[in-house]
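Here's the structure, in structure tokens; my notes come after.
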Amino acid sequence: GESVGLHLPTLSVQEGDNSIINCAYSNSASDYFIWYKQESGKGPQFIIDIRSNMDKRQGQRVTVLLNKTVKHLSLQIAATQPGDSAVYFCADDQGGSEKLVFGKGTKLTVNP
Amino acid sequence: DAMVIQNPRYQVTQFGKPVTLSCSQTLNHNVMYWYQQKSSQAPKLLFHYYDKDFNNEADTPDNFQSRRPNTSFCFLDIRSPGLGDAAMYLCATSRDIQGVSTFGSGTRLTVV
């Protein structure tokens, strides 16, 4: 992921709508990607992951899409709830390294 | 429950006074990470241990050191904290390389 800038992108949705959060990554050799959710004052919490040999993976209410051609990752949240309000980060392994590098993050606000 | 525990949750230290943050895990994971997260920014990796092998990020200041006396514990030492070191410090673990990282709740460091 790319971690640049000091201002988080924001996304505001109505409760019940679907949310789509996007992430660009820079290393074409990146093989493993994770989405994390971080609530205020807490550590990041794992949501879903995907490897580069897949282009889609579904979890409970969440779907991750990977487009390797344009180095883009998205997280779709179905029927967004107020409890989904948080900052969402993508992270990738930078081409099989021992570490995860985080993207910029998006602040999701769900309005009741 | 197996987890990653960081103590304390909040730490206030004086400018230039050494401070140590601690992290423990009951997951028996091989890899432990320390991240620094400033307000509205993504977590930034400082260093990590794979078992006893220490791996420092190239841009981590010398002011930051780490110790891992055993599998369960890892410490972050800040030798001479400056005002710019005020941040949330996150500890994370993963079973192996390219594994999902489990994060602690973080220690918020204030430098006065």
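Read-outs throughout are calculated quantities, based only on the coordinates presented, and are distinct from any laboratory measurement. Here the structure is a predicted model, which is why all the values come from computation and not from measurement. Quick reminder, even Gly has a Cβ in these numbers, built from the backbone with ideal geometry, and neighbours come from all protein chains shown.
Things worth noting here:
- Where a residue in region A:35-54 is at positive phi and its partner, wherever it lies, is of a type in the set (S, T, N, Q), with Cβ under 8 Å and at least six apart: A:41/B:105
- Verdict on residue A:100 being surrounded by 15 or more Cβ atoms within 10 Å (Cβ to Cβ), over 11 Å from the mean Cα position of the chain (by Cα) and under 22 Å from residue A:28 (Cα atoms): yes
- Boolean, residue A:26 is away from every other protein chain (no Cβ under 11 Å), in contact (Cβ under 8 Å) with a residue 40 or more places away in the chain, within 20 Å of residue A:111 (Cα to Cα) and not acidic (Asp, Glu): no
- Considering region A:53-112, and only residues there that are within 14 Å of chain B (Cβ to nearest Cβ) and of a type in the set (D, E, K, R), the residue that is farthest from residue B:37 (Cα to Cα) turns out to be A:57.
- In region A:38-54 there is at least one residue matching the filter, namely being closer than 15 Å to residue A:9 by Cβ, of a type outside the set (Ser, Thr, Tyr) and within 15 Å of the chain's Cα centre (by Cα).
- Annotation for region B:96-104: no member residue is surrounded by 13 or more Cβ atoms within 10 Å (Cβ to Cβ) and of a type in the set (Asp, Glu).
- Applying the condition of being farther than 11 Å from residue A:102 by Cβ and facing chain A (nearest Cβ under 9 Å) to region B:30-46 and asking which residue is surrounded by the most Cβ atoms within 10 Å (Cβ to Cβ) yields B:33.
- Within region B:87-107, the set of residues being part of a strand (DSSP E or B) and either within 8 Å of another protein chain (Cβ to nearest Cβ) or under 17 Å from residue A:101 (Cα atoms) (or both) comprises B:88, B:89, B:90, B:91, B:92, B:93, B:94, B:102, B:103.
One line per residue, one yes/no per condition, for (1) among the aliphatic types (A, V, I, L, M); (2) more than 11 Å from chain A (Cβ to nearest Cβ); (3) surrounded by fewer than 14 Cβ atoms within 10 Å (Cβ to Cβ):
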position	(1), (2), (3)
B:6	no, no, no
B:18	no, yes, yes
B:21	yes, yes, no
B:25	no, yes, no
B:48	no, no, no
B:52	no, yes, yes
B:58	yes, yes, yes
B:70	no, yes, yes
B:74	no, yes, no
